[in-house]
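Below: one structure, written as structure tokens.
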Ligand code: FAD
Ligand code: FO1
């Protein structure tokens, strides 16, 4: 268990349970807690460990033990598999370099089968497409053609026919041993875990889904689901969300708009990270974007800020500073503001490469839903035109789509947003 840290609606866990029944062997769920994960600070570990603690309790009620191994996954997991004489290992799927490196290194050390199940996407990433897709337009028909096969009901997770055990994880000592940077403190406004995620989904469907198509671009409207941290840590299944949204009574246009984001845009991001090795760097953007940004690399930058000035919301633009404050304080930037936030980093950085690295670093450091394919694809879209097309040419941006505060003011009450976040 790595990406999909939940008990219900988890195909990797269901498959492992199925294999245990076939092989008539016990089943153990293992989470390997690495000493660090792409520099994630305390904010993320607090959210993640509370979610894992809930999963451990829920699994225990099914007599399925959850074990937490602390250390390098590539050492701890093979050692543990040997120690318990494991018959097979089943894992979930993540396209990130760190996850692939772990799994490849572990697979090389094993003499038993290792199965990888895409429990995150509705249409498994490698079935939706076997290559890097150009945009939502090209992947959408491929996903839609297979949705029917994969939008199926989930079977129940059967308990193990053994007596329930005592908790096998010393959560306090796990927290002591973890050296997560307290510089980015936990958030209070969002409760971690599978139950809170389900409640978040229910209140979204009941109170916000109607009107989502129009309201979702207004950061003052509180119209978006706030499901992304739960999806990032796998506390909730996208497939489960999709089936609940489809079955809701919200207007068709709102359901369609939400499912486009949840299914097509989200699975396009996994496609991007699966088939583009440079998904988290400027190197990974398309050639047309590199050419146009290079052509304009000599343009005069009216404003220039360092990574540290961006981090401190120390720019001349109150709207941008407010978006950065929202990120630092709440661990999330509203989806519409996120595009504007990243594009201004392009406009006010020395080079596009530096802008790309700054946006990724700030997003991964502060965003609860960060270190996520959606984040890498989101930055690459904003700064490098990935999944987008050339627009009217202008200073600094070249043909990369432009956004500015006036554009925001046409969409929503900018002063209200600034007041809310410039505490
Ligand atoms: P809702 O509007 O309620 O959407 C529901 C779900 O649909 C989201 O949780 C997400 O899984 C998916 N979704 C929505 N918009 C997008 C999108 N543009 N691309 C892919 N999937 C989408 N998303 C992250 O999950 N983590 C990130 O680190 C992240 N960084 C981003 C950085 C930039 C520069 C940009 C432009 C976008 C980024 N996104 C990221 C995508 C999007 O902004 C967020 O997914 C969305 O705002 C999450 O909030 P929500 O769940 O309340 O959104
Ligand atoms: N997955 C693990 O298997 N072990 C970890 O120690 C771990 C830490 C971690 C910290 C922050 C974070 O945002 C994610 C983390 N994850 C960890 C992985 C995560 O759940 C996903 O597998 C990847 O982010 C892919 O989306």
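So is residue 159 within 16 Å of ligand 2 (Cβ to nearest atom), surrounded by 13 or more Cβ atoms within 10 Å (Cβ to Cβ) and farther than 30 Å from residue 137 by Cβ or not? Walk me through how you get there before you give the answer.
Values: within 16 Å of ligand 2 (Cβ to nearest atom): no; surrounded by 13 or more Cβ atoms within 10 Å (Cβ to Cβ): yes; farther than 30 Å from residue 137 by Cβ: yes.
Considered against the rule, which asks whether it is within 16 Å of ligand 2 (Cβ to nearest atom), surrounded by 13 or more Cβ atoms within 10 Å (Cβ to Cβ) and farther than 30 Å from residue 137 by Cβ, residue 159 comes out as no.
Could you list, in sequence order, all residues of the stretch 108-136 that are in a helix (DSSP H, G or I) and surrounded by fewer than 15 Cβ atoms within 10 Å (Cβ to Cβ)? Spell out how you get there, then give the answer.
Of all residues in the stretch 108-136, those in a helix (DSSP H, G or I) come to 108-109, 125-128, 136.
Answer for the stretch 108-136, where residues must be in a helix (DSSP H, G or I) and surrounded by fewer than 15 Cβ atoms within 10 Å (Cβ to Cβ): 108, 109, 127.
Could you tell me how many of the residues in the stretch 98-108 are more than 16 Å from ligand 1 (Cβ to nearest atom) and farther than 11 Å from residue 2 by Cα? Spell out the reasoning first.
Restricting attention to the stretch 98-108, the residues satisfying the condition of being more than 16 Å from ligand 1 (Cβ to nearest atom) are 100-108.
Those still in the list that are farther than 11 Å from residue 2 by Cα too: 100-101, 104-108.
Counting residues in the stretch 98-108 that are more than 16 Å from ligand 1 (Cβ to nearest atom) and farther than 11 Å from residue 2 by Cα gives 7.
Quick check on my filter: what residues within the stretch 257-283 are loosely packed, with under 15 Cβ neighbours inside 10 Å and in contact with a helix residue (DSSP H, G or I) (Cβ under 8 Å, 6 or more places away or on another chain)? Can you show your working first?
So the first thing to find is which residues in the stretch 257-283 are loosely packed, with under 15 Cβ neighbours inside 10 Å, and the list is 260, 277-278, 283.
Listed by number, the residues that qualify are 260, 277, 278.
It is to be established whether one or more residues within the stretch 87-107 are surrounded by fewer than 18 Cβ atoms within 10 Å (Cβ to Cβ) and not in a helix (DSSP H, G or I). It would help to see each step written out before you state the result.
Within the stretch 87-107, the subset surrounded by fewer than 18 Cβ atoms within 10 Å (Cβ to Cβ) is 87-88, 97-98, 100-101, 104-105, 107.
When the remaining residues are screened for being not in a helix (DSSP H, G or I), the result is 87-88.
Yes, some residue in the stretch 87-107 is surrounded by fewer than 18 Cβ atoms within 10 Å (Cβ to Cβ) and not in a helix (DSSP H, G or I).
Could you please let me know if residue 68 is crowded, with 17+ Cβ neighbours inside 10 Å, free of Cβ contacts under 8 Å to residues at least 60 places away in the same chain and more than 9 Å from ligand 2 (Cβ to nearest atom)? Don't jump to the end; show me each part of the working.
On the way: crowded, with 17+ Cβ neighbours inside 10 Å: yes; free of Cβ contacts under 8 Å to residues at least 60 places away in the same chain: no; more than 9 Å from ligand 2 (Cβ to nearest atom): yes.
No.
Scan the stretch 137-156 and give yes if some residue there is surrounded by 14 or more Cβ atoms within 10 Å (Cβ to Cβ), touching a helix residue (DSSP H, G or I) at 6+ places or on another chain (Cβ under 9 Å), part of a loop (DSSP other than H, G, I, E, B) and at pLDDT 95 or above, otherwise no.
yes
Among 387, 325, which is the only one that is under 24 Å from the mean Cα position of the chain (by Cα), surrounded by fewer than 23 Cβ atoms within 10 Å (Cβ to Cβ) and within 11 Å of ligand 1 (Cβ to nearest atom)?
387
Residues that are in contact with a strand residue (DSSP E or B) (Cβ under 9 Å, 6 or more places away or on another chain), in contact (Cβ under 8 Å) with a residue 12 or more places away in the chain and closer than 27 Å to residue 59 by Cβ: does the stretch 121-128 have at least one? Steps first, answer last, please.
Of the stretch 121-128, the ones in contact with a strand residue (DSSP E or B) (Cβ under 9 Å, 6 or more places away or on another chain) are 124.
Subsequent filtering for residues that are in contact (Cβ under 8 Å) with a residue 12 or more places away in the chain retains 124.
Now drop any that are not closer than 27 Å to residue 59 by Cβ, which leaves 124.
Yes: the stretch 121-128 contains one or more residues that are in contact with a strand residue (DSSP E or B) (Cβ under 9 Å, 6 or more places away or on another chain), in contact (Cβ under 8 Å) with a residue 12 or more places away in the chain and closer than 27 Å to residue 59 by Cβ.
Would you mind telling me which numbered condition in (1) at negative phi; (2) free of Cβ contacts under 8 Å to residues at least 60 places away in the same chain; (3) outside any helix (DSSP H, G or I) residue 74 fails?
Status for residue 74: all satisfied but (3).
Being in contact (Cβ under 8 Å) with a residue 12 or more places away in the chain, out of contact with any strand residue (DSSP E or B) (no Cβ under 6 Å at 6 or more places or on another chain) and within 10 Å of ligand 2 (Cβ to nearest atom) narrows it down to one residue among 49, 132; which is it? Write out each step before concluding.
On the way: 132 fails: within 10 Å of ligand 2 (Cβ to nearest atom).
Criteria check complete, one pass: 49.
From the list 122, 89, pick out the single residue that is within 15 Å of ligand 1 (Cβ to nearest atom), touching a helix residue (DSSP H, G or I) at 6+ places or on another chain (Cβ under 7 Å) and more than 22 Å from residue 278 (Cα to Cα).
122
Which helices (runs of 4 or more DSSP H) does the stretch 159-224 wholly contain that include 1 or more residues that are assigned by TED's automatic domain parsing to the domain that holds residue 248?
194-207, 212-215
Can you work out which of the residues in the stretch 20-33 that are outside any helix (DSSP H, G or I) and surrounded by fewer than 18 Cβ atoms within 10 Å (Cβ to Cβ) is farthest from ligand 2 (Cβ to nearest atom)? Steps first, answer last, please.
Residues of the stretch 20-33 outside any helix (DSSP H, G or I): 24-33.
Okay, now just the ones that are also surrounded by fewer than 18 Cβ atoms within 10 Å (Cβ to Cβ), so 24-26.
Working: 24: 28, 25: 23, 26: 22 Å.
That would be 24.
Among the residues of the stretch 3-28, write down those that are touching a helix residue (DSSP H, G or I) at 6+ places or on another chain (Cβ under 6 Å) and either over 23 Å from residue 241 (Cα atoms) or away from ligand 1 (no atom under 16 Å from the Cβ) (or both).
Hits for the stretch 3-28 are 7, 27.
Of all residues in the stretch 346-367 being more than 16 Å from ligand 2 (Cβ to nearest atom) and under 22 Å from the mean Cα position of the chain (by Cα), which is surrounded by the fewest Cβ atoms within 10 Å (Cβ to Cβ)? If you could, list the steps in order and put the result at the bottom.
Taking the stretch 346-367 first, the residues more than 16 Å from ligand 2 (Cβ to nearest atom) are 346-359.
In the following step, the residues that additionally are under 22 Å from the mean Cα position of the chain (by Cα) were identified as 355-359.
Working: 355: 27, 356: 26, 357: 19, 358: 25, 359: 27.
My answer is 357.
Among the residues of the stretch 284-304, is any closer than 24 Å to residue 232 by Cβ and surrounded by 18 or more Cβ atoms within 10 Å (Cβ to Cβ)? Break it down stepwise before answering.
Applying the first criterion (closer than 24 Å to residue 232 by Cβ) to the stretch 284-304 yields 284-285.
After this cut, where a residue has to be surrounded by 18 or more Cβ atoms within 10 Å (Cβ to Cβ) as well, the list is 284-285.
Looking through the stretch 284-304, at least one residue is closer than 24 Å to residue 232 by Cβ and surrounded by 18 or more Cβ atoms within 10 Å (Cβ to Cβ).
The values are calculated or read from the model by the stated rules, or taken from the named source; none is laboratory data. Remember, predicted model here, so these are calculated numbers, not experimental data. Cβ: placed from backbone, ideal geometry, glycine included. Neighbour counts: every protein chain shown.
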